[in-house]
Amino acid sequence: MRSNTSTELFRYWNTIRGKRDLPRRDEVEPGDIRTLLPNLFILERDRNAGISFRLAGTHVCALFGLELRGRQFGLLWLNAQAAKAQRMAGQVMTHRVPVMLSARGRTADAREIEVEALLLPLASTEGASDRILGALSPLSRPYWLHATSVEGLDVTGMKILDPDRTAVFREEQATEYVPPRAESHGGEGIFGEFRRVRHLRILEGGRRG
């Protein structure tokens with residue numbers, strides 16, 4: 001991780017979950033992570049089975065020049081990546097796997113900024129994985145940041161942050177790189193979602209205990 005926000009949030013999430021797959025959302029104390037809040041967001045499954053913002057910090061909204069509450073997560077991503085990002089967030093919930101996406105934010109006048117998007121699953125009080133605690137962190141602070149809105153994000157990388165939970169994806173991993181002449185879009189799963197991703201890594205040491 002290159003962002004202090006991502007590092008600190010992942011450490012906090014990892015601490016409160018202990019030896020479990022994920023923590024409950026009522027265990028998250030905003031006061032414990034108050035300095036991170038402007039760059040944080042919460043996603044939830046909405047009534048139409050989409051993935052939408054329940055809450056978004058001021059810096060996240062300012063990056064896009066939008067109030068994000070109630071909007072679809074896919075809105076942040078460029079072109080065909082929108083639907084794929086929605087499915088990715090759903091996989092984070094379904095498989096209870098923390099994921100970090102690297103991306104480039106692009107403005108309407110072709111400016112770019114590198115960002116990290118951290119997606120951490122949260123459980124309801126009944127134990128169902130139904131929300132995501134996330135962070136969106138710019139990796140630099142150009143003079144135009146928050147004055148010129150980012151139009152969308154283009155994925156450049158993905159990391160699975162908990163090696164103990166990657167077994168559910170092992171069979172899908174083989175489809176990540178498909179030769180152009182044999183390319184198929186069926187049954188690709190989480191690792192085939194972003195065909196333009198330049199790297200995919202499993203970051204060791206995510207699980208405590």
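The values are calculated or read from the model by the stated rules, or taken from the named source; none is laboratory data. Predicted, not measured: the structure shown is a model, and the values here were computed from it. What goes into the accessible areas is simple: the full protein's heavy atoms, side chains included, and nothing from ligands, DNA or RNA. Shrake-Rupley method; radii C 1.70, N 1.55, O 1.52, S 1.80 Å.
Quick look at the numbers
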item: Derived scalar couplings ³J(HN,Hα) [the stretch 12-25; Karplus, 6.51 cos²θ - 1.76 cosθ + 1.60; whole Hz; x for Gly, Pro]; result: 5, 4, 5, 5, 6, 7, x, 9, 8, 5, 7, x, 7, 5
item: Other-chain or far-sequence residues with amide H under 5 Å of GLU116's (modelled H); result: SER137, LEU139
item: The stretch 63-124: mean projected area of Cα convex hull, nm²; result: 4.9 nm²
item: In Å², nearest 10: area of MET93 left accessible to a 1.4 Å probe; result: 0 Å²
item: Convex hull of the stretch 1-65 built on C-alpha atoms - directionally averaged projected area, nm²; result: 5.7 nm²
item: Most to least accessible of GLU116, GLU44, GLU151 (protein chains only, probe 1.4 Å); result: GLU151, GLU44, GLU116
